[in-house]
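K.L.:
This is the structure I have questions about; it appears just below.
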Amino acid sequence: VGCYGALLCARQALPAMVEAKTGTILITSATAAFRAGAGWAPFCVSKFGLRALSQSITKEFAPKGVHVCHIRIDCVMDTPMTRASYAKGWPTEKLGNCDQIAETYYAMHMQPKFGWTNEIDIRPMGESWTC
């Protein structure tokens, strides 16, 4: 999802969250939100934009009870599709475990209002630090 899609989703969800004085928006991006690469301009612009959108929504809507967190996933996800293509033969510790990452998303959603995380990086233990 690019920046525009995330903006449209947030616009639809935020009014009900503001009315309820509670809600969570989790915006996922990639390493490109922090570091651009040659030949990747459209992708990098989108991911930089998602990070900026997350920060902007946070500053506007956190006081109204809405938790927004930008989540950067710094790895290739361990799925049948990636295992069958470019991650064929990769060790498990270099791939993102979908179930464990889902647990992190759930933990972000369940955070109490007095300890919100607004940005988090997720990477498996075998992934090199790219930022």
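K.L.:
Residues being open to solvent by 50 Å² or more (accessible area, probe 1.4 Å), in a loop (DSSP other than H, G, I, E, B) and free of Cβ contacts under 8 Å to residues at least 12 places away in the same chain: count how many of those fall in the stretch 74-95.
P.N.:
Residues meeting the conditions: 4.
K.L.:
Further, regarding this structure: Select, from ARG35, ARG11, the only residue that is open to solvent by 80 Å² or more (accessible area, probe 1.4 Å), out of contact with any strand residue (DSSP E or B) (no Cβ under 8 Å at 6 or more places or on another chain) and outside any helix (DSSP H, G or I).
P.N.:
ARG35
K.L.:
Tell me, please, whether a residue that is of a type outside the set (Val, Ile, Thr) and within 11 Å of the chain's Cα centre (by Cα) can be found in the stretch 87-101.
P.N.:
Taking every residue of the stretch 87-101 in turn, none turns out to be of a type outside the set (Val, Ile, Thr) and within 11 Å of the chain's Cα centre (by Cα).
K.L.:
Look at CYS69 and say whether it is of a type in the set (A, V, I, L, M, F, W, C) and open to solvent by less than 30 Å² (accessible area, probe 1.4 Å). Explain how you work it out, then say what you get.
P.N.:
Working: of a type in the set (A, V, I, L, M, F, W, C): yes; open to solvent by less than 30 Å² (accessible area, probe 1.4 Å): yes.
Yes.
K.L.:
Next question. Give the stretch 14-32 a look and list any residue that's open to solvent by less than 50 Å² (accessible area, probe 1.4 Å) and closer than 26 Å to PRO124 by Cα, or say none.
P.N.:
If the condition is that a residue be open to solvent by less than 50 Å² (accessible area, probe 1.4 Å) and closer than 26 Å to PRO124 by Cα, then THR24, ILE25, ILE27, SER29, ALA30, THR31, ALA32 are the ones that fit.
K.L.:
With respect to PHE61, determine if the residue is assigned to a helix (DSSP H, G or I), open to solvent by less than 50 Å² (accessible area, probe 1.4 Å) and among the aromatic types (Phe, Trp, Tyr).
P.N.:
yes
K.L.:
Here's a follow-up. Tell me which residues, restricted to the stretch 96-110, are farther than 14 Å from ARG123 by Cβ, out of contact with any Phe, Trp or Tyr (no Cβ under 9 Å at 6 or more places or on another chain) and either in contact (Cβ under 8 Å) with a residue 40 or more places away in the chain or small (Gly, Ala, Ser) (or both).
P.N.:
Result: ALA102, TYR105, ALA107, HIS109.
K.L.:
Taking ARG51 as meeting all but one of (1) outside any helix (DSSP H, G or I); (2) under 28 Å from GLN100 (Cβ atoms), write down the number of the exception.
P.N.:
(1)
K.L.:
Right, something else. Could you list, in sequence order, all residues of the stretch 99-130 that are in a loop (DSSP other than H, G, I, E, B), surrounded by 11 or more Cβ atoms within 10 Å (Cβ to Cβ) and at pLDDT below 95?
P.N.:
Result: ARG123, PRO124, GLY126, GLU127, THR130.
The values are calculated or read from the model by the stated rules, or taken from the named source; none is laboratory data. Note that this is a predicted model, so its numbers are computed, not measured. Cβ atoms come from the backbone with ideal geometry, glycine included; neighbour counts cover every protein chain shown. Heavy atoms of the whole protein, side chains included, go into the accessibility calculation; ligands, DNA and RNA do not. Shrake-Rupley method; radii C 1.70, N 1.55, O 1.52, S 1.80 Å.
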